[in-house]
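Let me begin by presenting the structure, written as structure tokens, before commenting on it.
What follows draws every value from the coordinates through simple rules; no lab data is involved. Note that the structure is a prediction, hence the values are computed from the model and not measured. Because the Cβ atoms are built from the backbone with ideal geometry, glycine has one as well, and the counts that use them run over all protein chains shown.
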Amino acid sequence: MTSRRSAASRGEWRIHVILIIAVALMVVPFVWEILTAFKTNNEVSTLPPTIIPAHPTTAAFETFFASVPFWAQFGVSAISLVLRVVGQVLVAALAGYAFARLRFPGRNVLFVLFLLMLMVPSQLFLLGQFDLMKGLGLLNTLPALAIPGIFSAFGTFLMRQAFMTMPKEYEEAARLDGAGTLRTFWSVMLPMARSMIAALAVLTSLYSWNDLLWPLIVSPAGGNRPLTVGLASMQGQFGTNYPTLMAGALVCTIPLVVVFIALQRQFFAGIASSGLKG
Amino acid sequence: MTSNVSSPVGRPRRRTGLGARTDWWALAMIAPALIGLAALYLWPFISTFIKSFMNVPVFGPGKFNGVDNYAKLLGDPGFWQALGNTALYTVLVLLGIPLAIVFAALIQQVSRGKAIYRVLFFLPVVTLPVAVGMVWRFILNGDFGLLNYVLSLVGIPGEYWVADARFTIYAFAVVGIWMGLGVNLIILGAGLQSIPTELYEASSLDGANRVQQFFSITLPLLSPSIFFVTILTTISAFQMFDLVFVMLGSVNNTALGDSKTIVYLFYDAAFVQFKQGFAATIAIVLLIIIMAVTALQFRLQKKWVVYD
């Protein structure tokens, strides 16, 4: 290790140079977004463009907050995220544990069915989900945003994998102590799965916060819109008023970025254990 | 909760094997997931399949029309254009994977600053795709965009990247690569960590340099992870919707007409024009295409993925 480290560190500055250039290019859009948000609309439509705002102003933020119900939309995004995360972790952990450890008729058939659902692109479900939400009279409501995301074949699969890898001795000890299935699950197994639960929670939060298509479908009339839909529709209103658009984009991005910075390890673990997309 | 503790008594200690009993708690635990998946996933899937053979008006019952929707879709130049756009976008976004491999390998090699590099590469992943689309729409703007300004500094004439349908798919791809790099980097980084360092040490002793090591050790041993991100990237690229909607659709950009992807076509048919039957057909065709492409990739992997 030490020999490799010293041999490697001799040329390491060159790698840093490449990485720093790459990272600098990666953050250009963010820097441009921030700089633009503090400019006036006149300034962004001059040529050649200025880099640093000539007269830094928070006018764009004021326009954004004055014309978009940010806090209402933030609330919708946040509440549906919490419903989705808590719901999915519970539902998936219960089912995942049953698949991993309990026996019941049809277990294998059902599990294969779950796996098949994993492979189907989400668009195949949208028409039926929309019909169901409409039938239940839930269009333009918070439950409509959150409910489909609570049930996830992927989450169930992830939790099953977590329970599969746990040693059976703990459960057997709990059972010898007289604990039943549910108590064994709740007090012994669930706490042991907390790192996978954290990964699942973080992934679900990411999907929920960023999702555009489903909210667009179930919140057509404007009530109970999350930030994504609000931000997208703001584009129609502010067309080319880029400072206001950038201010809005920035404000809506910050919450999840803050959570990410705080929970980096869980984010990376979630991504690494599962793959984000799909 | 305490009443729940009285689970089946006298269950055999050895729970595998034929004598094992049904645990009725299992059914209760699985019921929420099962009911939800049946109502929100399995049934919608089946009903989409059925609707794809129907004409479904906004009001009133639908009527079966055989394979009319399929015939109409396959005879529609707009579908082939969307398929071409989606395929081009997918191929271009896959070019981001070599980038991710190189950066993952470079990050792996540094002794300091790994965490900060990962965080910065990952930022686009935790940024709202809507916000991403808005920022890039501005950067790629033909008149006041940053890109054209930078290009003008080096004497290259700019283009209307997001207003001219000749360039829109390439513009989406640049944004798509930028957005996906962080995820691919993390998955590949996890793969790199599982490569034993002894292999590098041994090959150093044999006189191999870093580049030789990269091609003879890193790439082959990383190939399962590369295959995994290839599959994920392909599937998600085929489902691209957000960028088209944010960068063109929601601002009534005239380039939208020639820049649609398959999922945009689906959204438009289902929830703008309310032609559920036709939309269902698009969804089924998308499923078939994704399955075929994924199957092809699994077939091809035998030629290049190394499993030990």
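Quick notes on this one:
- Shielding score for B:280-288, defined as the mean number of other chain Cβ atoms within 10 Å: 3
- Proxy reagent accessibility, fewest Cβ within 10 Å first, across A:His16, A:His55: A:His55, A:His16
- Shape descriptor for chain A: Rg over Rh equals 1.07 (Cα atoms; Rh from the Kirkwood inverse mean 1/r).
- Whole-Hz Karplus values for segment B:193-204 come out as 5, 7, 7, x, 5, 4, 4, 5, 4, 4, 6, 4 Hz, taken residue by residue from phi with 6.51 cos²θ - 1.76 cosθ + 1.60 and θ = phi - 60°; glycine and proline positions read x.
- Each residue of segment B:214-225 is assigned a 3J(HN,Hα), and the resulting list reads 4, 7, 9, 10, 4, 4, x, 6, 8, 4, x, 5 Hz, derived from the Karplus form 6.51 cos²θ - 1.76 cosθ + 1.60 (θ = phi - 60°), x at Gly and Pro.
- Choice from B:Met179, B:Met240, B:Met291 showing the highest fluctuation, given a GNM over chain B with Cα pairs closer than 10 Å: B:Met291
- Per residue, the Cα convex hull of segment B:219-280 amounts to 105 Å³.
- For segment B:71-304, the fraction of alpha-carbon pairs in successive 5 Å shells from zero, as %: 1, 6, 12, 15, 15, 15, 12, 10, 7, 4, 2, 1, 0, 0
- In segment B:48-187, the ratio of gyration radius to Kirkwood radius, Rg to Rh, stands at 1.14 when only Cα atoms are counted.
- Chain lengthening between B:Lys114 and B:Glu201 when straightened (0.36 nm per residue, less Cα-Cα): 29.2 nm
- Largest mean-square fluctuation among A:Ser187, A:Ser80, A:Ser205, in a Gaussian network model of chain A whose springs join Cα atoms under 10 Å apart, belongs to A:Ser187.
- Taking amide hydrogens as placed 1.01 Å from N in the peptide plane, the amide H of B:Trp161 sits under 5 Å from those of B:Gly142, each at least 5 positions away in sequence or on another chain.
- Among the residues of A:27-34, the average count of other protein chain beta-carbon atoms within 10 Å of the residue beta-carbon is 6.
- Global geometry of segment A:1-130, whether rounded, prolate or oblate, following the gyration tensor of its Cα atoms and the 1.5 cut on a/c: oblate
- For chain B, relative contact order (Cα pairs under 8 Å, six or more residues apart, normalised by length) works out to 26 percent.
- When chain A is treated as a GNM with alpha-carbon contacts under 10 Å, the residue of A:Arg103, A:Arg225, A:Arg265 showing the greatest mean-square fluctuation is A:Arg103.
- 3J(HN,Hα) from dihedral phi, segment B:233-246, Karplus parametrisation 6.51/-1.76/1.60, rounded to Hz, x for glycine, proline: 5, 4, 4, 6, 5, 5, 9, 5, 9, 3, 5, 4, 5, 6
- Scanning residues 5 or more positions from B:Met54 or on other chains, those with amide H under 5 Å from its amide H are B:Asn65, with H placed 1.01 Å from N in the peptide plane.
- Long pairs among B:Lys63/B:Lys275; A:Lys39/B:Lys114; A:Lys134/B:Lys63, criterion Cα-Cα beyond 23 Å: A:Lys39/B:Lys114
- Counting only alpha carbon atoms, the long axis of helix A:153-164 and the longest principal axis of chain A meet at about 50°.
- Reciprocal mean inverse distance between Cα atoms of the protein assembly as shown - Kirkwood radius, Å: 26.0
- The trypsin sites (Lys or Arg not before Pro) found in segment A:144-222 that occupy coil by DSSP, while having at most 12 further C-beta atoms within 10 Å, are A:Lys168.
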